[in-house]
Amino acid sequence: MASISYLRRILAPLRSRKVRVALATVAAAFAAEYGLEVSSELLLTILSLGASVILGIAIEDAGAKSAHSSRTA
């Protein structure tokens with residue numbers, strides 16, 4: 001039983017879209033750097049696209065929270 005709760009605690013951050021995008025971005029960057037032999041421009045494109053998506057999710061979440069707080073006030 002303790003191992004199941006420990007596993008749930010470890011995997012809990014994967015519920016966040018930002019964490020999943022960050023992991024996918026890092027995995028793609030590692031694959032591009034060490035496996036696919038791509039140019040540095042493509043590697044920077046992968047990283048900047050991941051950062052942009054994470055920022056978009058954060059802005060979306062902030063907008064949803066402010067809309068929710070303005071409805072309750």
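Brief remarks follow.
- Scanning the range 11-28 for any residue that is surrounded by fewer than 11 Cβ atoms within 10 Å (Cβ to Cβ), more than 19 Å from the chain's Cα centre (by Cα) and assigned to a helix (DSSP H, G or I) turns up nothing.
- Selection status of VAL38, at pLDDT below 85, surrounded by 10 or more Cβ atoms within 10 Å (Cβ to Cβ) and either assigned to a helix (DSSP H, G or I) or not small (Gly, Ala, Ser) (or both): yes
- Residues in the range 1-10 that are hydrophobic (A, V, I, L, M, F, W, C) and surrounded by 10 or more Cβ atoms within 10 Å (Cβ to Cβ): 1 in all.
The values are calculated or read from the model by the stated rules, or taken from the named source; none is laboratory data. Predicted model only: the values in this text are computed from it and were never measured. Cβ sites come from the backbone with ideal geometry, for glycine too, and all protein chains shown count toward neighbours.
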